[in-house]
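K.L.:
Sharing a structure with you now.
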Amino acid sequence: MRIIQMLPTFAYGDAIGNDTLSLQDTLRNAGYETEIYADVIDAKLGKNAAKQAEDYEYRDGDIIFYHLSTGSDLNYKITEYPCKRIVMYHNITPPEFFRGYSAGAEKACADGLRATKYLASKTDLCIVDSAYNGQDLIEMGYNCPMEVLPILIAFDDYKKEPDRKIIKQYDDGWVNIVFTGRVAPNKCPEDIIAAFYYYKKYIQPKSRLFLVGRYDGTPSYKAQLDAYVRKLDLADVYFTGHVRFDEILAYYHIADVFVCMSEHEGFCVPLVEAMYFKVPIIAYDSSAVGDTLGGSGLLLKDKSPQVAAEAMNLAVTNKALREQLITGQQRRLEDFEHDKIKKKFLEIIQSFLAGDAR
């Protein structure tokens, strides 16, 4: 018996790619035979990290563990093999977020949702990153067994040396507001910009906003954001674009508050990263954000600029609240410890296999 992890795109450094590698290590250390197959394999992962999906040859007893996150022919190909299927659903962004900005992204999301519905009757077990994702599947017709298992996050990587140039340049007493993640329509950076405008103009002039993440996937959307910043005549807004990992670490080190106004997340790894670096979190209560925070952080029901800005100010200046937020986030962080998630993952696999045996 082999457990074959499959995914459309095996990317270097992204949450799903890291999760796939961590699950492989967990399975191998537990004595399971396992391999990774993907349609697209990032060269930065190395030539032995995975095999091409088209080269997969079914063996009797194989179990396919499929990471579902986008549109792909592989979503349908996996049903051609006479084996048990475990689907790990990372959620798919509603395509309407990309309408008018990226026809390719809109199509990939629409195709992914169609495939997700197609797989409902062809899946033996679902593993979801969050309860929100589980509800998403239930609404799409899934009635197979379902388990919630957060993404395995490579916390050891966060202990690496941050970029000292960034820290030296910006750790200077100004308030640094940070968001990390793709600059994409579903993440609503325009709402962070609006809140920052209010914060900088009416509360703290000595403040900066860093939107740390790539924006090359939706250039027209980025142009719209640039125009918005110009219209506001707003200084000290920094779009970093794609950055090195040590630079990402540096932005967390200088952050005074982490702000997320996203309207669609299946899990949102940056929230956990902010917990790790003891940065107080202000986040809009949407999709899986509340699940991931698990009662920690400061969750907003209202994303108006004034409300968000005043919340940011409290998180920065109110020492008691700041300590309360960080303490709560540290407690929540314990739920994402590697050993806990690995143990639960192996229990899920063992239970699934025992069910097969019965």
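K.L.:
If S296 meets every condition in (1) of a type in the set (S, T, Y); (2) farther than 20 Å from Y170 by Cβ; (3) free of Cβ contacts under 8 Å to residues at least 60 places away in the same chain; (4) surrounded by fewer than 20 Cβ atoms within 10 Å (Cβ to Cβ) apart from one, which number is that one?
P.N.:
Going through the list (1) of a type in the set (S, T, Y); (2) farther than 20 Å from Y170 by Cβ; (3) free of Cβ contacts under 8 Å to residues at least 60 places away in the same chain; (4) surrounded by fewer than 20 Cβ atoms within 10 Å (Cβ to Cβ), S296 breaks only (4).
K.L.:
Being surrounded by 14 or more Cβ atoms within 10 Å (Cβ to Cβ) and in a loop (DSSP other than H, G, I, E, B) is the filter here, so list the residues in the range 123-141 that pass it.
P.N.:
T123, D124, D129, S130, M140
K.L.:
Given the criterion surrounded by 15 or more Cβ atoms within 10 Å (Cβ to Cβ) and not assigned by TED's automatic domain parsing to the domain that holds G134, identify the matching residue among K343, K303. It would help to see each step written out before you state the result.
P.N.:
Details: K343 fails: surrounded by 15 or more Cβ atoms within 10 Å (Cβ to Cβ).
Testing whether each residue is surrounded by 15 or more Cβ atoms within 10 Å (Cβ to Cβ) and not assigned by TED's automatic domain parsing to the domain that holds G134 leaves just K303.
K.L.:
If you don't mind, another one. Give the residue, chosen from L299, L271, L234, that is assigned to a loop (DSSP other than H, G, I, E, B) and aliphatic (A, V, I, L, M). Before you say what the answer is, go through the steps one by one.
P.N.:
Numbers: L299 fails: assigned to a loop (DSSP other than H, G, I, E, B); L271 fails: assigned to a loop (DSSP other than H, G, I, E, B).
Just one listed residue meets the conditions, L234.
K.L.:
If we keep just the residues of the range 17-40 that are crowded, with 22+ Cβ neighbours inside 10 Å and among the hydrophobic types (A, V, I, L, M, F, W, C), which is nearest to L249 (Cα to Cα)?
P.N.:
From the range 17-40, those crowded, with 22+ Cβ neighbours inside 10 Å are 17, 19-20, 23, 36, 38; that's our starting set.
Restricting the remaining residues to those that are among the hydrophobic types (A, V, I, L, M, F, W, C) gives 23, 36, 38.
Values: L23: 24, I36: 28, A38: 29 Å.
My answer is L23.
K.L.:
Look through the range 171-184, keep the residues that are over 29 Å from G104 (Cβ atoms) and charged (D, E, K, R), and return whichever of them is surrounded by the fewest Cβ atoms within 10 Å (Cβ to Cβ). So that I can check it myself, show each step before the final result.
P.N.:
If we filter the range 171-184 for residues that are over 29 Å from G104 (Cβ atoms), which is where we start, we get 171-177.
Filter once more, so that each one left must be charged (D, E, K, R): 171-172.
On the way: D171: 13, D172: 11.
Only one residue fits best here, namely D172.
K.L.:
Let me ask you something else. Any idea how many residues of the range 12-22 are within 15 Å of I151 (Cα to Cα) and part of a loop (DSSP other than H, G, I, E, B)? Give the steps one after another, and end with the answer.
P.N.:
Taking the range 12-22 and keeping what is within 15 Å of I151 (Cα to Cα), we get 13-22.
Among the residues that remain, those that are also part of a loop (DSSP other than H, G, I, E, B) are: 13-14.
Number satisfying all stated conditions: 2.
K.L.:
Can you confirm whether the range 75-85 contains a residue that is part of a helix (DSSP H, G or I), over 22 Å from the mean Cα position of the chain (by Cα) and of a type in the set (V, I, T)? Step through it out loud before you land on a result.
P.N.:
Start the filter on the range 75-85 by keeping residues that are part of a helix (DSSP H, G or I), which leaves 75-80.
From what's left, over 22 Å from the mean Cα position of the chain (by Cα): 76-80.
Now drop any that are not of a type in the set (V, I, T), which leaves 78-79.
Yes, that holds for at least one residue.
K.L.:
Within the range 253-265, identify whether any single residue is in a strand (DSSP E or B), at pLDDT 95 or above and of a type in the set (A, V, I, L, M), and answer yes or no. Reasoning before the result, please.
P.N.:
Going residue by residue through the range 253-265, those that are in a strand (DSSP E or B) are 257-260.
If we keep only those that are at pLDDT 95 or above too, we end up with 257-260.
Cutting the leftovers down to of a type in the set (A, V, I, L, M) gives us 257, 259.
Scanning the range 253-265 turns up at least one residue that is in a strand (DSSP E or B), at pLDDT 95 or above and of a type in the set (A, V, I, L, M).
K.L.:
Going through I326, I349 one at a time, which residue ends up being surrounded by 14 or more Cβ atoms within 10 Å (Cβ to Cβ) and not assigned by TED's automatic domain parsing to the domain that holds V178?
P.N.:
Working: I326 fails: not assigned by TED's automatic domain parsing to the domain that holds V178.
Answer to the selection: I349.
K.L.:
Of all residues being part of a loop (DSSP other than H, G, I, E, B) and small (G, A, S) in the range 46-60, which is surrounded by the most Cβ atoms within 10 Å (Cβ to Cβ)? Just the residue, please.
P.N.:
Just the residues of the range 46-60 that are part of a loop (DSSP other than H, G, I, E, B), to begin with: 46-50, 56-60.
Within this subset, residues satisfying the condition of being small (G, A, S) are 46, 49-50.
Values: G46: 10, A49: 18, A50: 23.
Among them, the one singled out is A50.
K.L.:
Now for a separate question. All but one of (1) modelled with pLDDT of 95 or more; (2) over 30 Å from I341 (Cα atoms) hold for G173; which doesn't?
P.N.:
(1)
K.L.:
While we're here: List, please: which pairs have Cβ atoms under 7 Å, are six or more places apart or on different chains, and start with a residue in the range 142-170 that is exposed (fewer than 15 other Cβ atoms within 10 Å of the Cβ) and end with one that is aliphatic (A, V, I, L, M)?
P.N.:
K160/L249
K.L.:
Consider E273 carefully, then state whether it is among the charged types (D, E, K, R), surrounded by 17 or more Cβ atoms within 10 Å (Cβ to Cβ) and within 21 Å of K160 (Cβ to Cβ).
P.N.:
Yes.
Rundown of residues vs (1) surrounded by 14 or more Cβ atoms within 10 Å (Cβ to Cβ); (2) within 18 Å of Q24 (Cα to Cα); (3) assigned by TED's automatic domain parsing to the domain that holds K222, yes/no style:
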position	(1), (2), (3)
D42	yes, yes, no
D62	yes, yes, no
L74	yes, no, no
Y89	yes, yes, no
G100	no, no, no
S121	no, no, no
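K.L.:
Moving on to the next point. Of S69, S102, which residue is within 30 Å of A223 (Cβ to Cβ) and touching a His at 6+ places or on another chain (Cβ under 9 Å)?
P.N.:
Working: S102 fails: touching a His at 6+ places or on another chain (Cβ under 9 Å).
Every option except S69 fails the conditions.
K.L.:
Does Y81 satisfy the criteria of being within 30 Å of K222 (Cβ to Cβ) and touching a Phe, Trp or Tyr at 6+ places or on another chain (Cβ under 6 Å)?
P.N.:
Details: within 30 Å of K222 (Cβ to Cβ): no; touching a Phe, Trp or Tyr at 6+ places or on another chain (Cβ under 6 Å): yes.
So Y81 fails the test.
K.L.:
Working only within the range 23-45, note down all residues that are part of a helix (DSSP H, G or I) and more than 19 Å from I86 (Cβ to Cβ). Steps first, please.
P.N.:
Residues of the range 23-45 that are part of a helix (DSSP H, G or I), as a first pass: 23-29, 43-45.
Selection gives A43, K44, L45.
K.L.:
Please find, within the range 226-242, the residue that is surrounded by the most Cβ atoms within 10 Å (Cβ to Cβ) out of those that are closer than 12 Å to F210 by Cα and of a type in the set (A, V, I, L, M, F, W, C). Write out each step before concluding.
P.N.:
Taking the range 226-242 and keeping what is closer than 12 Å to F210 by Cα, we get 235-241.
With of a type in the set (A, V, I, L, M, F, W, C) added as a condition, the list becomes 235, 237, 239.
On the way: A235: 11, V237: 22, F239: 17.
My answer is V237.
The values are calculated or read from the model by the stated rules, or taken from the named source; none is laboratory data. All values derive from a computational prediction rather than experimental measurement. Ideal geometry is used to build each Cβ from the backbone, glycine not excepted, and the neighbour counts take in all protein chains shown.
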